[in-house]
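The values are calculated or read from the model by the stated rules, or taken from the named source; none is laboratory data. The structure presented is a predicted model; accordingly, all values stated were derived computationally and were not measured. Note that each Cβ is placed from the backbone with ideal geometry, even for glycine, and that neighbours are counted across all protein chains shown. Accessible surface is based on the protein model in full, side chains and every heavy atom, while ligands, DNA and RNA are left aside. Shrake-Rupley method; radii C 1.70, N 1.55, O 1.52, S 1.80 Å.
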Amino acid sequence: MTNWLLSLEAWQQALVGTGFTYFMTALGAGLVFFFKEIKKDVLNMMLGFASGVMIAASFWSLLDPAIKQAEENGSIAWLVVSFGFGLGGLFLYVADKTLPHMHFGPNHEKEGLPSHLKRTILLVFSITLHNIPEGLAVGVAFGAANSADDPQKAVLAAISVALGIGIQNFPEGAAVSIPLRQENLSRKKAFLYGQASGIVEPIAGIIGAVLVTKVTMLLPYALAFAAGAMIYVVVEELIPEAQQTVTSKRHFAVFGVMLGFIIMMILDVALG
């Protein structure tokens, strides 16, 4: 597997990796054909799980390599990583305030520019928004392998990112399609909308891989940028939505975060 990936160009590796993460989103969205409802506790645990994976990936797969890469480039590591991380959060903030979308919480809070788009489309845009940094993270990880001293080890590290993002995309796909079914969409339409939310990942992944391979000095910035964008999504959207329940049941989301973090950490340490 690794030898085959090493024979491909960076953007092709990113396409394979994000193709897997998209497939897992579609697979999760397919659960709508078997279930019409999803318990709030289960949904909270899914959102928590996604948060845990993204938090772990942000450090183990992105920030730590960014620091090492900046040091190798002779740059001031803390300055480079801080700048990239902050820029990633700022980018998601601007996107959050610009792209029309609607949260999955009980109040269906709207954000972004005023729009006359259907409610279902706004719900899909909500998930699509935080799939951008996920795809970017996978793409940048594969792009980093292109200039690594040990390409095989770097590709394994990138595979761990794709695996982690893909694993959390499975429940995430269900967390999109099943609530859409509850919005009175047909099962087919709910599935189509659910899987469509993951299409942005291959696009972001290819862009990230191409950028860091064409301008290698951007690599530590890009790694930190993806980390900042993911942490923004976790803190601003995923965890708050997972906590919108009675206090006595908020532990479901917490357990999800812990489990997601542990799984992503194991993947990254074992493969990276």
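Scanning for something within 17 Å of the chain's Cα centre (by Cα), modelled with pLDDT of 85 or more, under 21 Å from residue 17 (Cβ atoms) and open to solvent by less than 10 Å² (accessible area, probe 1.4 Å), does the stretch 242-256 turn up at least one residue? Checked the stretch 242-256: no residue is within 17 Å of the chain's Cα centre (by Cα), modelled with pLDDT of 85 or more, under 21 Å from residue 17 (Cβ atoms) and open to solvent by less than 10 Å² (accessible area, probe 1.4 Å). Under the condition of being under 19 Å from residue 233 (Cα atoms), of a type outside the set (S, T, N, Q) and modelled with pLDDT of 95 or more, the residues counted in the stretch 1-51 number 1. Given the condition over 17 Å from residue 61 (Cβ atoms), open to solvent by 10 Å² or more (accessible area, probe 1.4 Å), in contact (Cβ under 8 Å) with a residue 40 or more places away in the chain and hydroxyl-bearing (Ser, Thr, Tyr), answer yes or no: does some residue in the stretch 120-127 qualify? Within the stretch 120-127, one or more residues are over 17 Å from residue 61 (Cβ atoms), open to solvent by 10 Å² or more (accessible area, probe 1.4 Å), in contact (Cβ under 8 Å) with a residue 40 or more places away in the chain and hydroxyl-bearing (Ser, Thr, Tyr).
Would you say residue 194 is in a helix (DSSP H, G or I) and either open to solvent by less than 10 Å² (accessible area, probe 1.4 Å) or more than 28 Å from residue 154 (Cα to Cα) (or both)? Yes, satisfied. At least 3 residues being buried (at least 21 other Cβ atoms within 10 Å of the Cβ) and not charged (D, E, K, R) is the threshold, and among the helices (runs of 4 or more DSSP H) wholly inside the stretch 1-60 those reaching it are 10-29, 40-56. For residue 227, the criteria (1) open to solvent by less than 50 Å² (accessible area, probe 1.4 Å); (2) at pLDDT below 90 hold in every case but one, which is (2).
Scanning the stretch 149-170 for residues that are within 20 Å of residue 131 (Cβ to Cβ) and either at pLDDT below 85 or among the polar types (S, T, N, Q) (or both) gives 160, 168, 169. Looking only at residues in the stretch 210-224 that are open to solvent by 10 Å² or more (accessible area, probe 1.4 Å) and touching a residue at least 24 places away in the same chain (Cβ under 8 Å), the one that is nearest to the chain's Cα centre (by Cα) is 222. Of 180, 185, all but one fail to be farther than 20 Å from residue 85 by Cβ, assigned to a loop (DSSP other than H, G, I, E, B), open to solvent by less than 60 Å² (accessible area, probe 1.4 Å) and not acidic (Asp, Glu); the exception is 185. Checking each residue in the stretch 56-81 for being β-branched (Val, Ile, Thr) and in contact with a helix residue (DSSP H, G or I) (Cβ under 6 Å, 6 or more places away or on another chain) picks out 67, 80, 81.
With respect to residue 71, determine if the residue is acidic (Asp, Glu) and not in a helix (DSSP H, G or I). Against the criterion (acidic (Asp, Glu) and not in a helix (DSSP H, G or I)), residue 71 does not qualify.
Contact annotation: residue pairs with Cβ atoms under 9 Å, 6 or more positions apart or on different chains, pairing a residue in the stretch 159-171 that is among the hydroxyl-bearing types (Ser, Thr, Tyr) and open to solvent by less than 10 Å² (accessible area, probe 1.4 Å) with a partner that is at pLDDT below 90 and not in a helix (DSSP H, G or I), are 160/272. For the stretch 142-158, the set of residues classified as in a helix (DSSP H, G or I), open to solvent by 10 Å² or more (accessible area, probe 1.4 Å) and of a type outside the set (S, T, N, Q) consists of 144, 151, 153, 154, 156, 157, listed by residue number. You will find that of 129, 113, the residue that is farther than 22 Å from residue 259 by Cβ, among the hydrophobic types (A, V, I, L, M, F, W, C) and not in a helix (DSSP H, G or I) is 113 and no other.
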